[in-house]
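Just so it is clear, none of the values below were taken in a lab; they were calculated from the coordinates. Just so we're clear, the structure is a prediction, and the values are computed from it rather than from any experiment. Note: ideal-geometry Cβ built from the backbone for every residue, glycine included; neighbour counts use all protein chains shown.
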């Protein structure tokens with residue numbers, strides 16, 4: 001019994017399919033998290049994040065940078081501003097505080113943004 005080795009083309013194909021599915025899952029999470037007059041379904045949004053993470057880990061694919069700030073790295077909760085995350089700008093950092101677990105992440109603000117704020121004031 002020998003294990004079948006994947007070719008380079010098969011790996012890239014599986015990778016592109018995985019990224020496509022991750023994109024779809026985050027779009028669904030955004031839909032579940034949106035307030036459309038009725039109610040939000042946060043458990044479904046969080047489930048979409050869990051499935052996207054499982055796909056990324058299985059295929060060893062990194063999340064695109066646009067999706068990395070959309071969920072908590074600690075409890076994997078989908079971020080909805082003022083519902084599941086508190087966002088502040090303070091001292092040259094954008095500070096994300098998860099309201100589900102209390103985890104805090106700090107991201108530096110781009111220098112061009114800091115300069116433009118100083119020019120306004």
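At a glance:
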| quantity | calculated |
| --- | --- |
| Difference of contour (0.36 nm per residue) and Cα-Cα distance, residue 39 to residue 110 | 22.0 nm |
| FRET efficiency, residue 30 to residue 10 (Cβ-Cβ, R0 22 Å, nearest 0.05) | 0.10 |
| Estimated [θ] at 222 nm from DSSP helical runs (n ≥ 4, -39500 (n - 2.57)) normalised by residues in the chain, nearest 500 | -15500 deg cm²/dmol |
| Principal-axis tilt of helix 8-33 within the chain, Cα atoms, nearest 10 degrees | 40 degrees |
| Rounded tilt (10° steps) of 42-59 against the dominant C-alpha axis of the chain | 50 degrees |
| (1) 68, 39, 24; (2) 63, 30, 21; (3) 49, 29, 16, with the label sought being that of the calculated Cα extents along the principal axes in Å | (1) |
| Distance in nm between pseudo-label sites at residue 20 and residue 51 (7 Å out along the Cβ direction from Cα) | 1.6 nm |
